[in-house]
Every structure is written in C-alpha cells, then in structure tokens.
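The values are calculated or read from the model by the stated rules, or taken from the named source; none is laboratory data. Note that the structure is predicted; figures quoted are calculated from it, not measured. Virtual Cβ from ideal backbone geometry, glycine too; neighbours counted across all protein chains shown. Ligands, DNA and RNA are stripped out before the accessible areas are found, and what is left, the full protein with its side chains, is counted by its heavy atoms. Shrake-Rupley method; radii C 1.70, N 1.55, O 1.52, S 1.80 Å.
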Amino acid sequence: KKAEDGITWDEVNNPLDDLSHEIGLVLGVSAHLNSVKYNEEDSNEYEQIIPIISDFYNELGSNKNLFNAYKRLFKQDLTTEQKYILKEGIKGFELAGISLSRRGTELLSKINKELSVLQNEFGKNAMMATNEWEIKVSLEDLEGVDASNIYKFKEGDSYLINLQAPTYMEVMTNVDSE
C-alpha cells in the first residue's frame, strides 16, 4: 500500500525492492535446497508456497495504483539507472496484463498459477529422473580416471556411475572412452 501511494523514487521503489529481496531470498534458498537435497516433506511444503507466490506476483502485476505510481515517477529527475529500472518495471506491468479487462486479468492469473505449478512439477520430475539414473560399468570403461579416484565408483565386482555432479564431472572430464 505504501509504495502505490508514494511520490518519490524511495517511496515507490524501496518498499517493493525490499519485499522482492526478502521473497527472493526465502524462495531462492528453498528452491536451491529442494534441488540439491531433495526430500518429499520439503518438496511438499515448497509446492504449497508456489500458488501463494504466484498470486502475489499476479496481484502486483495487475495493481493499477502501483502502475500509476511508476508512471508518476517519470516526472522526477532520475538517474539513468533509475530510468532504466522504471522502464523495465512498466514493461513488466504491461507484460503482466495491466491493460487487460478484469476477466482477462483473472484468466491470466489462473493460467500463471497453473504454469508455476507445472514448471515446478517438471523440474521435480527431471531432478528425480537425474537422481535415479545409474549404470554399472567395467574398470575398462573408466579408463582415464585417476587411479586414486576409482574407489569412488566401486560397487561389488563392477563400477557404478550416475548423473550426480561429482560423478558426472569426474567421468565426463577424465574418461577416455566415448
């Protein structure tokens, strides 16, 4: 509310910048942890947040008072950087459907929410498939890997490789075989 009533750059931009930073920090950490140390409980909690965040950004992008506050700022003496941020912000409002009818805004909001859920589901499925993939290979298949690192792949009578970053990088960087 404070930002949409603002007249100066600091009154309009700073509250939004601070809020976006806080949301990004929390979501960034959650998304990162979800992707590198997946567990079902954290994933379910993250999935519950996605529609809420989607609603927040949909409401922000369709807030005509805030859009008008951005347009008001053009009347001020702004730095080049501030003008750029302002132009990108206005473009963001336009891309978010600020000029749509109420029905159009509601439809776009529904589509955006569904899309955010589907994007997360796709990412989760891709990550799970990556985490589950593995193949047993022979010692000859690992030719080129430093002998001191071969033990990392040993499993019984064969060697196991997967798509996890440490294994993938070792194999792709050092294995002689194509």
| request: Residues being surrounded by 14 or more Cβ atoms within 10 Å (Cβ to Cβ) and either without any contact (Cβ under 8 Å) to a residue 24 or more places away in the chain or within 17 Å of Ile111 (Cβ to Cβ) (or both): count how many of those fall in region 52-67. | output: 8
| In region 115-136, what residues are part of a helix (DSSP H, G or I) and over 18 Å from the mean Cα position of the chain (by Cα)? | Ala129, Thr130, Asn131, Glu132
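May I ask you to verify whether Asn14 is open to solvent by 40 Å² or more (accessible area, probe 1.4 Å), in a helix (DSSP H, G or I) and in contact with an Asp or Glu (Cβ under 6 Å, 6 or more places away or on another chain)?
Numbers: open to solvent by 40 Å² or more (accessible area, probe 1.4 Å): yes; in a helix (DSSP H, G or I): yes; in contact with an Asp or Glu (Cβ under 6 Å, 6 or more places away or on another chain): no.
For Asn14, the condition - open to solvent by 40 Å² or more (accessible area, probe 1.4 Å), in a helix (DSSP H, G or I) and in contact with an Asp or Glu (Cβ under 6 Å, 6 or more places away or on another chain) - is not met.
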| Every residue from region 76-94 that is touching a residue at least 12 places away in the same chain (Cβ under 8 Å), within 25 Å of the chain's Cα centre (by Cα) and open to solvent by 50 Å² or more (accessible area, probe 1.4 Å) | Ile85
| request: Give the number of residues within region 138-178 that are of a type in the set (Gly, Ala, Ser), open to solvent by 70 Å² or more (accessible area, probe 1.4 Å) and assigned to a loop (DSSP other than H, G, I, E, B). | output: 1
| note | Pairing a residue in region 97-108 that is touching a residue at least 24 places away in the same chain (Cβ under 8 Å) with any residue that is assigned to a loop (DSSP other than H, G, I, E, B) and open to solvent by 50 Å² or more (accessible area, probe 1.4 Å), where Cβ atoms lie under 7 Å and the two sit 6 or more apart in sequence or on different chains, gives Leu108/Leu100
| said: Looking at region 1-50 only, could you name the residues that are closer than 30 Å to Asn131 by Cβ, of a type in the set (Val, Ile, Thr) and more than 18 Å from the chain's Cα centre (by Cα)? | reply: none
| task | State all residues of region 18-51 that are within 24 Å of Ile111 (Cα to Cα), of a type in the set (Gly, Ala, Ser) and touching a residue at least 24 places away in the same chain (Cβ under 8 Å); if no residue qualifies, say none. | result | Ser43
